[in-house]
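Encoded as structure tokens, the structure appears first; notes follow it.
The values are calculated or read from the model by the stated rules, or taken from the named source; none is laboratory data. Nothing here was measured: the structure is a model prediction, and the numbers come from that model. Counting neighbours? That spans all protein chains shown, and the Cβs are built from the backbone with ideal geometry, glycine included. Surface areas here come from the heavy atoms of the whole protein model, side chains and all, with no ligands, DNA or RNA. Shrake-Rupley method; radii C 1.70, N 1.55, O 1.52, S 1.80 Å.
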Amino acid sequence: MAADKRDRFSTATRIRVLGEQTAARVYRSQTRRQARRSRLTGRAALLVMVVCTLIVALAYPMRQYVSQRADIADQRKQSQDARKRVEELRDEKARLQDPAYIERLAREHLHYLRPGETGFTVVDPDARTTSTDDQGAADRPWYSNLWDGVDNADRH
């Protein structure tokens with residue numbers, strides 16, 4: 001029995017010693033980990049500072065680049081529109097070389113007639129029923145136009 005007590009005591013002692021050793025190891029590893037964390041935090045802060053500096057340094061050139069790309073796209077569209085307009089004007093110039101086309105334009109827009117033809121002007125009967133507000137500025141006295149201009153300026 002004495003041997004059992006000694007073994008139990010020594011086992012309990014061993015367990016206690018093992019527990020103390022384990023606690024000491026855990027404490028040391030936590031201390032090392034905290035020391036590592038503080039060094040890593042400084043490195044991380046430096047890395048973050050470098051990245052932020054790069055972002056700030058590259059922000060303006062990137063904005064300029066995007067802006068210039070948009071300007072280039074606008075200039076290309078304007079160039080394409082100008083080419084299309086030039087082509088339309090070339091077509092119009094070619095049509096204006098044709099005497100039949102010129103004659104048709106004169107008949108439509110200027111109401112020209114060939115010798116022996118009779119021209120007619122059709123009057124719209126609804127056109128005469130306009131109110132005095134719809135009268136043109138030339139059909140009214142000058143002082144009415146002046147007064148209307150003053151009234152309209154007050155409203156706007």
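Ranked from the most accessible area to the least, with a 1.4 Å probe and all protein chains present, what is the order of 71, 126, 151?
126, 71, 151
Measuring from label point to label point, each 7 Å out along Cα→Cβ, what is the residue 114 to residue 26 span in nm?
That separation, rounded to one decimal, is 11.5 nm.
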